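The values are calculated or read from the model by the stated rules, or taken from the named source; none is laboratory data. Everything numeric here is computed off the predicted structure, so don't read it as measured data. Quick reminder, even Gly has a Cβ in these numbers, built from the backbone with ideal geometry, and neighbours come from all protein chains shown.
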Amino acid sequence: MLKALFLDMDETLCDTQGANQQATRLLGEELDALYGGAFDGQAVARAYVAGIYRHWSDEQRARYLPIIEQHGEGAFRAQLIRDELAKHGIDQVDDATAHALRDKFDRDRLDAFHFYPGIMEFLAEARKLFTLVVITNGPEYSQVPKVEAVELARHVDHIIIGGQEPEQKPARSIFEKALRLANCAAHEAIHVGDSLAADIAGAHDSGITSVWIQHQQPLDAELGINPAHTVLHPSEIPALIREIHQK
């Protein structure tokens, strides 16, 4: 009998990529307005987003890790903006400007961060039948504002943020915590997420049935991970969970 539903947040319940795209576009427009001419603000904005997601070269890794360790994430992101602007010939960027651009991106991303259509209604329906636990990876500074932006605590029973835990997905410990919170055994839970390496591998290692949201991603045969169920988009989650529950 299914008693608990575990859910990833980013790209599962909420359209994180859409929010990122909106904030990236607005940051690029702001940069174009500030520096104009032949300057490509969108290119700088895209490079900035790649940087905050740690898509680093070895040189960037050596540069940014000490900044994060010594001064924190905010200082790193401000320096990242300066560095990306410098690549485009904008060398004199003061602290106030770098911080304002960093903060603008964060505000715009949160403003655009929403549940996928139909998900809020699905959570209300599912909560009548199951204990709902969100398990989201990511640092506290990033995930807490997103959780608050959609008032996630109003829609689910428990929220586990990986950055507040000793280990993140796919670690078994974080799934075991979810099982304790839901007061159920592994075979009585399902975990839904979009990451094969984090969500699906972690669920399998904990004996929990998995649902993979494919999002046009290829199934990576090298990982050797086969989800118990696959849907193409979060809009298909409600129908699948209803079908599983009725069996």
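Residues in the range 151-172 that are farther than 13 Å from Ala198 by Cα and without any contact (Cβ under 8 Å) to a residue 12 or more places away in the chain: Glu151, Ala153, Arg154, Pro166. Take Ile174 and decide whether it is part of a helix (DSSP H, G or I) and either under 22 Å from Leu129 (Cβ atoms) or under 16 Å from the mean Cα position of the chain (by Cα) (or both). Criteria not met by Ile174.
Listed here are the residues, each with its yes/no results for (1) more than 19 Å from the chain's Cα centre (by Cα); (2) at pLDDT below 95; (3) within 22 Å of Pro145 (Cα to Cα).
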residue	(1), (2), (3)
Gly37	yes, yes, no
Asp40	yes, yes, no
Tyr64	yes, no, no
Gly89	yes, yes, no
Ala96	yes, no, no
Phe105	no, no, yes
Asp111	no, no, yes
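Can you tell me which of Ala23, Ala62 is assigned by TED's automatic domain parsing to the domain that holds Arg107, surrounded by fewer than 16 Cβ atoms within 10 Å (Cβ to Cβ) and among the hydrophobic types (A, V, I, L, M, F, W, C)?
Values: Ala23 fails: surrounded by fewer than 16 Cβ atoms within 10 Å (Cβ to Cβ).
Of the residues listed, the single one that is assigned by TED's automatic domain parsing to the domain that holds Arg107, surrounded by fewer than 16 Cβ atoms within 10 Å (Cβ to Cβ) and among the hydrophobic types (A, V, I, L, M, F, W, C) is Ala62.
For the range 129-161, a residue qualifies if it is farther than 17 Å from Ala4 by Cβ and either surrounded by 15 or more Cβ atoms within 10 Å (Cβ to Cβ) or in contact with a Ser or Thr (Cβ under 7 Å, 6 or more places away or on another chain) (or both), and the qualifying residues are Asn137, Gly138, Ser142, Gln143, Val144, Lys146, Val147, Ala149, Val150, Ile161.
The rows are residues; the columns are (1) over 14 Å from Met9 (Cα atoms); (2) among the basic types (Lys, Arg); (3) surrounded by 20 or more Cβ atoms within 10 Å (Cβ to Cβ).
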| residue | (1), (2), (3) |
| --- | --- |
| Ala189 | yes, no, yes |
| Ala197 | yes, no, no |
| Ala201 | yes, no, no |
| Val211 | no, no, yes |
| Leu219 | yes, no, no |
| Ile237 | no, no, yes |
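Output the residues belonging to the range 99-128 that are aliphatic (A, V, I, L, M) and either within 23 Å of Pro234 (Cα to Cα) or surrounded by 19 or more Cβ atoms within 10 Å (Cβ to Cβ) (or both).
So the first thing to find is which residues in the range 99-128 are aliphatic (A, V, I, L, M), and the list is 100-101, 110, 112, 119-120, 123-124, 126.
The answer is Leu101, Leu110, Ala112, Ile119, Met120, Leu123, Ala124, Ala126.
Checking every residue in the range 130-146 against the condition of being touching a strand residue (DSSP E or B) at 6+ places or on another chain (Cβ under 8 Å), within 19 Å of Ser195 (Cα to Cα), of a type in the set (D, E, K, R) and part of a helix (DSSP H, G or I) gives at least one match. Closer than 24 Å to Lys146 by Cα, touching a residue at least 24 places away in the same chain (Cβ under 8 Å) and in a helix (DSSP H, G or I), is that true of Leu101? It is true that Leu101 is closer than 24 Å to Lys146 by Cα, touching a residue at least 24 places away in the same chain (Cβ under 8 Å) and in a helix (DSSP H, G or I). Of all residues in the range 6-48, how many are under 30 Å from Leu123 (Cα atoms) and either β-branched (Val, Ile, Thr) or in contact with a strand residue (DSSP E or B) (Cβ under 9 Å, 6 or more places away or on another chain) (or both)? Counting residues in the range 6-48 that are under 30 Å from Leu123 (Cα atoms) and either β-branched (Val, Ile, Thr) or in contact with a strand residue (DSSP E or B) (Cβ under 9 Å, 6 or more places away or on another chain) (or both) gives 13. Quick check on Ala45: is it buried (at least 19 other Cβ atoms within 10 Å of the Cβ), in contact with an Asp or Glu (Cβ under 8 Å, 6 or more places away or on another chain) and on the phi < 0 side of the Ramachandran plot? Spelling it out, it is not the case that Ala45 is buried (at least 19 other Cβ atoms within 10 Å of the Cβ), in contact with an Asp or Glu (Cβ under 8 Å, 6 or more places away or on another chain) and on the phi < 0 side of the Ramachandran plot. Here Asp8 meets the list (1) closer than 23 Å to Glu140 by Cβ; (2) over 22 Å from the mean Cα position of the chain (by Cα); (3) surrounded by 19 or more Cβ atoms within 10 Å (Cβ to Cβ) almost entirely, failing just condition (2). Being within 30 Å of His191 (Cβ to Cβ) and either β-branched (Val, Ile, Thr) or out of contact with any Pro (no Cβ under 6 Å at 6 or more places or on another chain) (or both) is a condition met by at least one residue of the range 23-31.
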